[in-house]
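What follows is a single structure, written as C-alpha cells, with notes after it.
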Amino acid sequence: MMQDNREVTKSAGLVGLLTLLSRILGYIRDMMMAWFFGAGLFSDVFIAVFRIPDFSRRLFNEGAFGVAFIPVFTRYMTRTGSEAAYEFAAATFRFLLVLLGGAVVVGVFCAPLVVYLIAPGFAGFPEKFNLAVILVKIMLPYIGFIGLAALCMGILNGVGHFAAPALVPALLNLTMIGSMLFMAVISSDNTLRILGLSGGVILGGGLQLMSQLAVLFKKGVIILNRGPFFHPGIKEVARSMAPAVFGLSVFQINVLLDTLLASLLGEGAISYLYYADRLIQFPLGIFAVSISTALYPMIARQAAHKDMAALIDSVNHSLKLVLFVSVPSMVGLIVMREPIVALLFKRGTFDAAMTRLTALALLYYGIGIWSFAAVRVVVSVFYAMGDARTPVKAGIVAIGMNLCLGILLMRMMSYGGLALATSLSSMLNLWLLADALKRKIGKLRTAAVVQSVCRSGLCAVLMGGAVHLFLPSGDMGTTLLALRVCGSILLGFSVYTALSFVLNRATLLRAVQIMK
C-alpha cells in the first residue's frame, strides 16, 4: 500500500507540474482577454459560447470519459493482451469520430437554438445574440477534436504515461494567446478580434488531437487502422459515460447553469463569474485534478482485486493531500481576492469597478474550493467500484439545489448569489457522496483525515491573519502591487509551512514528495 501511495504521489507531482505550466498560460490568456475586452458585451458573448468547448474539454480531459474508458481498456490490457486493448481503442476512435462529427454538424445547423439554451438572456439583445450564433458555428467543432484527443489521453494514462496528456491544455492556451496577439496587430475592431480568438480555439483543438496521435504513433500504437465499426467494449464505455457526466462534472454543470442565469442579469455578470472561476481553477487543476488523475488507475486495480483496505488507504492518502493544499488556497484567495484580481486583470479596459465586482464573485466561489477538490477524489471511488448510480443521484440533488438556490439568491445578491449557490451545492454533493461511501464499504477510517484537515484549517486561519496584515492597500502601480502580492503569497506559504511542520508534519512531508 505504501508503494502504491508513493506511485500516486509521484504521478500526481508530474501531472501537477505540467498542469501548472498550462495554468500559467491560461492566466496569460485570460489577462489578455481582460485587457482587450474587459467585462462587457464582447467578453460576455465569447465566454458564454466558450463554455461549450471549455465544458467539453473538462468533461473529456479531466472527467467522465477517462473514468468510463480506462477501466475497460485496462481490463482488456490485463486479461487479453495489448493487441486486443488497442483493437478496442481503435474501434472506440472510429465510433467517436462518427458520433461527435454528427453532433457538431447538427449543432452548427441549430446554432440559434444552442444560444437560446446556453444564454437565454441574449435573446432580447440582437447584437449579442447574432454574434453568439456566429461564435457557436466557429467553436463547436472543438468538441470533436477534444473528444478524440481525450481517447488518446485515456490510452496513454491507461498504460501509465501521464506527461503528454497533461500538456494538452497548454496547446489550447498557446493558440488562443497567439490568435489574440495576431488580431491585435491587424485590427482594432473588437468584433474581428473575437472572431480571431474563436478561430484560435479551433486551431488549439486540432493541435491537441494531433499531438496525442503523434505520441501514440511514437509508442507504436496505431488507432487509425481499419477494423469493425462497433466493439463490445464501446457499449460498456457508453453505459458508464452518461452517469459519469453527472458524477464527475457536477461543478462544471453548475458553472454552466451560472452562465445561463447570469445572462439574465446585467452586462458583465457572465465575465465576473468567469474570471473568478478561472482563479479557483488554479488549485483545483494543479492538485485536485492531478491527484485524482493519478489515483484513478490505481484504485481501479484495487477495486478489481477486491482489496478494499488498500483502496480506502489510497483514498484517505489522496484526501489528506488535496485538503492540505485546498484549505489554505481557499483562505488565501478569500483574504487576497481583490489584490490578486487587480494584479492579474486590472489593465486596459478592465477597470477598478470590474476588479471589485470580480473579487466579489471570487469570494463566494472561494468558499467552496475545499469541497470542489474533495469531490474529485471521492467520486472516483464509486466509478472504480463500478457504481455509477450513487454519483448520479448525488449529482442530480446537488445540481437541483444549485439551480433553486441560484434563482433565489440572484434576486438578493445578483451574480454573487450564483457563485455562493454553487459552493453550497458542492458541499452538499460531498456530504451525500461520503455518506453513501460509508454505507457501501463500511468504516472509512477517516479519523486521520479529519485530524489532518482540522490542523490544516488552524494553520490556514493563522496564515490568513498574517497575510491580511501585510496586504497592499490603496491604488499603486503594477510593479509595486506585484511585489506586495508576491510578498503576501510568500509570507502565507512560509507561515503555513512552518505551522504545518509543527502541527501537521506527516501530511506536509507527503505533500513535499509531490514536488520531488
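The values are calculated or read from the model by the stated rules, or taken from the named source; none is laboratory data. Since the structure is predicted, the reported quantities are computational estimates derived from the model, not experimental observations. Because the Cβ atoms are built from the backbone with ideal geometry, glycine has one as well, and the counts that use them run over all protein chains shown. Accessible surface is based on the protein model in full, side chains and every heavy atom, while ligands, DNA and RNA are left aside. Shrake-Rupley method; radii C 1.70, N 1.55, O 1.52, S 1.80 Å.
Before moving on, here are some points about what is shown:
- Which listed residue is open to solvent by less than 80 Å² (accessible area, probe 1.4 Å), in contact with a Pro (Cβ under 9 Å, 6 or more places away or on another chain) and either assigned to a helix (DSSP H, G or I) or not hydroxyl-bearing (Ser, Thr, Tyr) (or both), from LEU433, LEU437: LEU433
- Screening the range 440-455 for residues that are touching a Lys or Arg at 6+ places or on another chain (Cβ under 6 Å) and assigned to a helix (DSSP H, G or I) and picking the one that is surrounded by the most Cβ atoms within 10 Å (Cβ to Cβ) gives SER452.
Residues are listed down the side, and each one gets a yes or a no for (1) of a type in the set (Gly, Ala, Ser); (2) open to solvent by 30 Å² or more (accessible area, probe 1.4 Å):
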site	(1), (2)
LEU99	no, yes
VAL105	no, yes
TYR116	no, yes
PRO120	no, yes
ALA123	yes, yes
LYS128	no, no
ILE138	no, yes
LEU156	no, no
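- Any chance ARG505 is at pLDDT below 85 and not hydroxyl-bearing (Ser, Thr, Tyr): yes
- Exactly one residue out of PHE95, PHE69 is at pLDDT 85 or above and either open to solvent by 30 Å² or more (accessible area, probe 1.4 Å) or in contact with a helix residue (DSSP H, G or I) (Cβ under 8 Å, 6 or more places away or on another chain) (or both), and it is PHE95.
- Qualifying residues in the range 368-420 (those that are of a type in the set (S, T, N, Q) and open to solvent by 20 Å² or more (accessible area, probe 1.4 Å)) - the one farthest from the chain's Cα centre (by Cα): SER414
- Given (1) open to solvent by less than 80 Å² (accessible area, probe 1.4 Å); (2) under 24 Å from ALA68 (Cβ atoms), number of the condition PHE230 does not satisfy: (1)
- You will find that of ILE155, ILE138, ILE134, the residue that is more than 29 Å from THR191 (Cβ to Cβ) and either out of contact with any Pro (no Cβ under 8 Å at 6 or more places or on another chain) or without any contact (Cβ under 8 Å) to a residue 60 or more places away in the chain (or both) is ILE155 and no other.
- Some residue of the range 337-348 being at pLDDT below 85 and open to solvent by 50 Å² or more (accessible area, probe 1.4 Å): yes
- Filtered residues of the range 217-237 (kept if at pLDDT 75 or above and part of a loop (DSSP other than H, G, I, E, B)): HIS231
- Test: residue in the range 199-222 that is of a type in the set (A, V, I, L, M), farther than 20 Å from GLY144 by Cα and out of contact with any strand residue (DSSP E or B) (no Cβ under 9 Å at 6 or more places or on another chain): yes
- Residues of the range 97-117 satisfying the condition of being touching a Leu at 6+ places or on another chain (Cβ under 6 Å) and in contact (Cβ under 8 Å) with a residue 40 or more places away in the chain: VAL104
- Selection status of LEU428, at pLDDT 85 or above, of a type outside the set (S, T, N, Q), within 30 Å of ASP351 (Cβ to Cβ) and out of contact with any strand residue (DSSP E or B) (no Cβ under 7 Å at 6 or more places or on another chain): no
- Of LEU490, LEU458, LEU462, all but one fail to be under 30 Å from GLY348 (Cβ atoms) and open to solvent by 80 Å² or more (accessible area, probe 1.4 Å); the exception is LEU490.
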